[in-house]
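The values are calculated or read from the model by the stated rules, or taken from the named source; none is laboratory data. Here the structure is a predicted model, which is why all the values come from computation and not from measurement. Cβ sites come from the backbone with ideal geometry, for glycine too, and all protein chains shown count toward neighbours. Heavy atoms of the whole protein, side chains included, go into the accessibility calculation; ligands, DNA and RNA do not. Shrake-Rupley method; radii C 1.70, N 1.55, O 1.52, S 1.80 Å.
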Amino acid sequence: MASVESSEHETGPFLGVIFGASGDLAKRKLMPAIFSLARDGLLSRPFAILGVSRREMSDEEFRAKIVADMESLAPGQLTPEMQQELLPHFFYMAGDVTDSAMYDRMKARMEQIDKECGTEGNAFFYLATAPTLFSPVVHSLGKSGLIDERCGWRRVVIEKPFGHDLESAQQLNCDIQSVLDEDQIYRIDHYLGKETVQNIAVLRFANGMFQPFWSNLYIDHVQITVGETLGVEGRGGYYEHAGALRDMVPNHIFQLLSLISMEMPLSFSAHDMRNEQVKVLRAIKPLTGDDVVRNVVRGQYAKGSVDGVDEPGYRDEEHVDPESLTETYVAMRLSIENQRWAGVPFYIRTGKRLAARVTEIVVEFKKPPFTPFRETAVDALEPNQLIIRIQPDEGISLRFVTKVPGTLVKLDEVDMDFHYADYFGRAPATGYDRLLFDCIRGEATLFRRADMVEAGWRAVAGIQEVWAEKDETLTAYPCGSWGPSEADALMARENRQWRVYV
Ligand SMILES: NC(=O)c1ccc[n+]([C@@H]2O[C@H](COP(=O)([O-])OP(=O)(O)OC[C@H]3O[C@@H](n4cnc5c(N)ncnc54)[C@H](OP(=O)(O)O)[C@@H]3O)[C@@H](O)[C@H]2O)c1
């Protein structure tokens, strides 16, 4: 198989400071990502990681915690050889990020580690802490001179959520941009680290066969489904303030939508790619007033069963108000107002405790305007679909109609299937490894720029407004279903249907 590689190197020397090093994100995503880079030979030596959180721990205790966490997540992956080689690069200091004196101590510790490990003054700060701490931490980093780039690069990685609506996102951007240059800010959306997501642009722009069909001339509609079988998993306190719309739509789903619908960029550079993505996000027609009621479905899971296991309703989950009006499901019909997509609906849906865990984009093509099957048993033709599977089982399928072998003309649908695992034999990654690697290399293409974040919030602002006024928009759906029947009706009224998963 011929392969074309872009120029990718090792990271170069760096010190990574992780605020929130004792937390869940650091444990489940960041540490495994660092070891995955090391295993793939992408992590340069010298490098160092400095964990910071309030809990008291020595370097040795921090290293022992990392080993224990890794063993519980992926037994055997952190081999004794890797431990011996890599763990001496991990350091820890206890500190409260709201305490301004902590930053002087941290600066001294960073200088000491820099000398000891030779990280050449380069550093990123990863904010794996509560979103309320983003602005204060960035301001303190600024005040203490820690983001000064005279002696090496300095970058700040910010986790979602980037605000909870347009106004708060603008405020957050304004706050952090008063301290950092935009090119020092890496807003992470781990969906963008996934192979298949990156492959959307390659699929569209490196394959001549798709380009002529990619418009309202041949595409009937696009569906994006992000289904989870899990509920809130003890994070009810967080989810009560988030809900499905905020948690998934302006960020993850709009990333997918922008990649599938953007114009061809001049290059894959951060500047060119993100310019095109933001353009199409701005072209999403904002839904307001009655259009929201007509085009958006909002649901909350009631008790039911998923994979044969009985599950409680959302209102019976821990840390959830028994009369909660938070949605755990949202579906909507969007339009993109530009020449390419005028008249093509984009249907999106996402929810918790659905029938299957699946993230997919379905591009459904128009049926041929004429088919010569008048004298045959064929009475209906199914449309062609290009299905891009983000998870699980990353891959791409092309669904088309073929003749069933036999004397009579009978047709059936078949799938031409490509699975990443079959071709490249790699275990699917979380995306964090790729994104950390890119941040350390200063490659920002897969990170969200301030204007992209704001365009996403702007597109859903009208929905948030209507929901704030109208409680009756919330409908219940049983755990283990595909959401409220209103979501099916949303498509059925235009003679379309969601892809059926069996
Ligand atoms: N977990 C995920 O899978 C996930 C996914 C996407 C986004 N996120 C985002 O990532 C961030 C972290 O989430 P998480 O799930 O890891 O939360 P978490 O488990 O609650 O961890 C929070 C971390 O912050 C530390 N911390 C809290 N207050 C602090 C302070 N004043 N000074 C220093 N450290 C402090 C905590 O340690 P001490 O209590 O010891 O200080 C802990 O290490 C959040 O913004 C979340 O929305 C998480």
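A few remarks follow.
- Condition check for Tyr92 on (1) buried (at least 20 other Cβ atoms within 10 Å of the Cβ); (2) part of a helix (DSSP H, G or I): one failure, at (2).
- Figure legend. Inter-residue proximity from region 18-29: first residues assigned by TED's automatic domain parsing to the domain that holds Ser53, second residues near the ligand (Cβ under 6 Å from one of its atoms) and open to solvent by 50 Å² or more (accessible area, probe 1.4 Å), beta-carbon distance below 7 Å, spacing 6+ or different chains. Indicated pairs: Ser22/Arg55.
- Among the residues of region 95-121, those that are in a helix (DSSP H, G or I), surrounded by 12 or more Cβ atoms within 10 Å (Cβ to Cβ) and within 14 Å of the ligand (Cβ to nearest atom) comprise Ser100, Met102, Tyr103, Arg105, Met106.
- Some residue of region 75-89 being within 16 Å of the ligand (Cβ to nearest atom) and either under 28 Å from the mean Cα position of the chain (by Cα) or surrounded by fewer than 18 Cβ atoms within 10 Å (Cβ to Cβ) (or both): no
- Test: residue in region 193-208 that is more than 16 Å from the ligand (Cβ to nearest atom), within 21 Å of Ala331 (Cβ to Cβ), at pLDDT 90 or above and assigned by TED's automatic domain parsing to the domain that holds Tyr314: no
- Restricting attention to region 122-139, the residues being among the polar types (S, T, N, Q), crowded, with 19+ Cβ neighbours inside 10 Å and within 16 Å of the ligand (Cβ to nearest atom) number 1.
- Look at (1) surrounded by 21 or more Cβ atoms within 10 Å (Cβ to Cβ); (2) at pLDDT below 95 and you find that Gly237 fails only one, number (1).
- Subset tally (residues that are farther than 19 Å from Asp114 by Cα, within 16 Å of the ligand (Cβ to nearest atom) and part of a loop (DSSP other than H, G, I, E, B)) for region 23-71: 5
- Looking only at residues in region 140-164 that are open to solvent by 40 Å² or more (accessible area, probe 1.4 Å) and away from the ligand (no atom under 14 Å from the Cβ), the one that is farthest from Asp451 (Cα to Cα) is Cys151.
- The listed residue being in contact with a Cys (Cβ under 6 Å, 6 or more places away or on another chain) and open to solvent by less than 50 Å² (accessible area, probe 1.4 Å), out of Arg349, Arg448, Arg353: Arg353
- If you go through region 478-488 and pick out every residue that is touching a residue at least 24 places away in the same chain (Cβ under 8 Å) and over 25 Å from the mean Cα position of the chain (by Cα), you end up with 2.
- Of the criteria (1) among the polar types (S, T, N, Q); (2) under 16 Å from Leu37 (Cα atoms); (3) part of a strand (DSSP E or B), which one Ser397 fails: (2)
- Counting the residues of region 461-500 that are β-branched (Val, Ile, Thr) and within 25 Å of Ala356 (Cβ to Cβ) gives 2.
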